[in-house]
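I have placed the structure first, in the form of structure tokens, so that the comments after it can refer back to it.
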Amino acid sequence: LVRFYFTDGQLSALLLSKKDQQWIKLGKPDIDNTVTTLLTSTDEKNVMPALNKLYEELWKPIEKWVSTEDVVIVPDGVLFSLSFDLLTDQPVTSFASLADHCLLTKHNFSYQYSPLMIGSSKQEVKGKQNYIGFAPGFFETSKRDYVSAVKDSIRMDQHYLSLLPQPFTNALLKK
């Protein structure tokens, strides 16, 4: 479990495992503008450096204490808008190379709003053999098709256009 805390402009992370706990001060990282870039830009020239910068400021300082494949993130503040899965451990230049260097290649991330929600009893729901799953992909081709289909730019959904590609959603649905 990695629980991030913003206190008086300082960011800290509490790491909990079955064996150990660590409190790591991350200082005052300048991440607000970087996260905003991820939320508002679809240009690889802006997105790729931002993913690596956030890795360097948020994940690299705690990485040596994260030894499990499964990681639960409890974010705080602007980090609620961040997908840690996509952070890259080295600079990459394209969405195509993202799959080889993002944190999702090392960890399975899940997110909680509060540590109090972890471990709450969940009743498994068993369905019939026939199952269909839907997940957003936000692929660039879909966005281009959308832009060309909308005739009135005032009605264009800018929020949809700012969503990051989710390259692993199709694979996840097939599991």
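The values are calculated or read from the model by the stated rules, or taken from the named source; none is laboratory data. None of the values given here were measured: they were computed from a predicted structure. Quick reminder, even Gly has a Cβ in these numbers, built from the backbone with ideal geometry, and neighbours come from all protein chains shown. Keep in mind that these areas ignore ligands, DNA and RNA; they rest on the heavy atoms of the full protein, side chains included. Shrake-Rupley method; radii C 1.70, N 1.55, O 1.52, S 1.80 Å.
Let's see how each residue does on (1) open to solvent by less than 60 Å² (accessible area, probe 1.4 Å); (2) among the hydroxyl-bearing types (Ser, Thr, Tyr); (3) within 27 Å of residue 99 (Cβ to Cβ); (4) modelled with pLDDT of 70 or more:
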| site | (1), (2), (3), (4) |
| --- | --- |
| 125 | no, no, no, no |
| 134 | no, no, yes, no |
| 147 | no, no, yes, yes |
| 152 | no, no, no, yes |
| 174 | no, no, yes, no |
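Just name the residue that is most open to solvent (accessible area, probe 1.4 Å) out of those in segment 6-32 that are out of contact with any helix residue (DSSP H, G or I) (no Cβ under 9 Å at 6 or more places or on another chain) and within 14 Å of residue 58 (Cβ to Cβ).
By that ranking, first place goes to 25.
So if I check each of 104, 98, 86, 51, which one is within 27 Å of residue 143 (Cα to Cα) and in contact with a Cys (Cβ under 6 Å, 6 or more places away or on another chain)? Break it down stepwise before answering.
Details: 104 fails: in contact with a Cys (Cβ under 6 Å, 6 or more places away or on another chain); 98 fails: in contact with a Cys (Cβ under 6 Å, 6 or more places away or on another chain); 51 fails: in contact with a Cys (Cβ under 6 Å, 6 or more places away or on another chain).
After ruling out the rest, the residue left standing is 86.
Scan (1) acidic (Asp, Glu); (2) under 23 Å from residue 160 (Cβ atoms); (3) within 16 Å of the chain's Cα centre (by Cα) for the single condition residue 44 breaks and write down its number.
Single failed check for residue 44: (3).
When residues of segment 1-34 are filtered for being in contact with an Asp or Glu (Cβ under 9 Å, 6 or more places away or on another chain) and either on the phi > 0 side of the Ramachandran plot or not in a strand (DSSP E or B) (or both), how many remain?
Looking only at that region, the number is 5.
If residue 160 passes every condition in (1) at pLDDT 80 or above; (2) surrounded by 10 or more Cβ atoms within 10 Å (Cβ to Cβ); (3) hydroxyl-bearing (Ser, Thr, Tyr) but one, which one does it miss?
Condition (1) is where residue 160 drops out.
Out of segment 67-108, which residues are part of a strand (DSSP E or B), touching a Ser or Thr at 6+ places or on another chain (Cβ under 8 Å) and surrounded by 17 or more Cβ atoms within 10 Å (Cβ to Cβ)? Talk me through it step by step, then tell me what you get.
Of the residues in segment 67-108, the ones part of a strand (DSSP E or B) are 70-74, 88, 102, 108.
Subsequent filtering for residues that are touching a Ser or Thr at 6+ places or on another chain (Cβ under 8 Å) retains 70-74, 102.
The answer is 71, 72, 73, 74, 102.
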